[in-house]
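The values are calculated or read from the model by the stated rules, or taken from the named source; none is laboratory data. Nothing here was measured: the structure is a model prediction, and the numbers come from that model. Here the Cβ positions follow ideal geometry from the backbone for every residue, glycine too, while neighbour counts run over all protein chains shown.
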Amino acid sequence: RADCAVRLYDEELGRKQAEENEILNSFDTALRQRQFQIYLQPRFSLADLSVVGAEAVVRWIKADGTILHPESFIPLYENNGRIVELDYYVFEQVVAFQAKNGRLGRAQLPISVNASILHARDDSTVKKYLQILNKYGVDPSLLEIELTETATVSYYDNVKKLFERLRKVHMMTSLDDFGAGYSVLNTVIDIPVNTVKIDRAFIMNCESSDRGIYFLQQVIAMVKGLGYHVVCEGVETQEQAGILRDAGCEEAQGYWFARPMPIEQYEKMVYPEG
Ligand code: C2E
Ligand code: MG
Ligand code: MG
Ligand code: MG
């Protein structure tokens, strides 16, 4: 019996290893064949429920049509460093989309992209962003770079320096997933970002207790009081949206408003006149 359990465990491990190898080995093909696709999740003003921008998240659409979410491949590409190329790819697609909006005379709403911690540890990051922006003639303030609180806590000096440089070139910045994981509350005291995105974990079930609501109100007040723009993530009900609006949160994102969607669908929603 013990033998059998060990064998099953080995098989399971082997299968997982094979899956991971497959993901690692097919990066180049996937990139070349444009299997990585940008989805946009609209960001909403809580004051009037208008769309004020979007966040870009990546999906891997495999040749057979299966859709992989980032949690299944981003950590692996962070380990082998390929995430950097993927992030620039996502950035360039979004910049190209902003250029298209400009050409068509559409309102150009800012779009945020996620950046891996590896960008903060590379001195050429801002130069590369600017090269891409120049290539398409897009205003830097239409792009926002999100770095997670976890990355910021682990590499505070690098991240702070990157945020400062981005500010100098007028790109927008945000601290993502604030309050998630093993956060260090005082990270937020002095971080040079425009926006703090409060993690979904704080929003989830907040409506179920007065203490949950109170806690959220205080977090929002603190972040606003420190001078940041506040965005709440993972809003799944109308009730949550109301609580956040009453607590002074300006902007929110979540399934109740809209899920991440392919760019064409986002265009139909935000630019119905074409
Ligand atoms: P994130 O940046 O915090 O992105 C928000 C995630 O929450 C997205 O998951 C989104 O689909 C999900 N979400 C939005 N609203 C709701 C909601 O109301 N309820 C729930 N349950 N979930 C909601 P997704 O797309 O699976 O991305 C997961 C994470 O992967 C992102 O978290 C981000 O950290 C990372 N990621 C995504 N795209 C990229 C990328 O291009 N580069 C890098 N470096 N990381 C990325
Ligand atoms: Mg997901
Ligand atoms: Mg994000
Ligand atoms: Mg987040």
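For segment 180-223, name all the residues that are under 27 Å from residue 126 (Cα atoms), away from ligand 2 (no atom under 16 Å from the Cβ) and either modelled with pLDDT of 95 or more or outside any helix (DSSP H, G or I) (or both).
Within segment 180-223, 183, 184, 189, 190, 191, 192, 193, 194, 195, 196, 198, 223 meet the criteria.
In segment 94-129, which residue that is touching a residue at least 60 places away in the same chain (Cβ under 8 Å) and not in a loop (DSSP other than H, G, I, E, B) is nearest to the chain's Cα centre (by Cα)?
Across segment 94-129, the extreme among qualifying residues is 114.
Filter segment 55-100 down to the residues that are among the small types (Gly, Ala, Ser) and surrounded by fewer than 20 Cβ atoms within 10 Å (Cβ to Cβ) and list them by number.
Answer for segment 55-100, where residues must be among the small types (Gly, Ala, Ser) and surrounded by fewer than 20 Cβ atoms within 10 Å (Cβ to Cβ): 63, 65, 72, 81, 96, 99.
Restricting segment 147-174 to residues that are among the hydrophobic types (A, V, I, L, M, F, W, C) and in contact (Cβ under 8 Å) with a residue 40 or more places away in the chain, which is farthest from ligand 1 (Cβ to nearest atom)?
169
Residues to consider are 199, 190; find the one that is acidic (Asp, Glu) and away from ligand 3 (no atom under 16 Å from the Cβ).
So the residue among 199, 190 that is acidic (Asp, Glu) and away from ligand 3 (no atom under 16 Å from the Cβ) is 190.
Give just the number: which of (1) touching a residue at least 40 places away in the same chain (Cβ under 8 Å); (2) of a type in the set (Gly, Ala, Ser); (3) away from ligand 1 (no atom under 14 Å from the Cβ); (4) surrounded by 12 or more Cβ atoms within 10 Å (Cβ to Cβ) does residue 26 not satisfy?
Among (1) touching a residue at least 40 places away in the same chain (Cβ under 8 Å); (2) of a type in the set (Gly, Ala, Ser); (3) away from ligand 1 (no atom under 14 Å from the Cβ); (4) surrounded by 12 or more Cβ atoms within 10 Å (Cβ to Cβ), the lone unmet condition for residue 26 is (1).
Can you tell me which residue among 209, 174, 183 is out of contact with any Pro (no Cβ under 8 Å at 6 or more places or on another chain) and within 30 Å of residue 106 (Cα to Cα)?
Only one candidate qualifies: 174.
Per-residue answers, yes or no, for (1) in contact with a Leu (Cβ under 9 Å, 6 or more places away or on another chain); (2) not in a loop (DSSP other than H, G, I, E, B):
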residue	(1), (2)
7	no, yes
31	yes, yes
38	no, yes
43	yes, yes
48	no, no
54	yes, yes
57	yes, yes
86	yes, yes
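Among the residues of segment 231-256, how many are within 13 Å of residue 200 (Cβ to Cβ), touching a residue at least 60 places away in the same chain (Cβ under 8 Å), more than 16 Å from ligand 2 (Cβ to nearest atom) and outside any helix (DSSP H, G or I)?
Matching residues across segment 231-256 total 2.
Return the total of residues in segment 60-77 being away from ligand 4 (no atom under 16 Å from the Cβ) and charged (D, E, K, R).
So the count comes out to 2.
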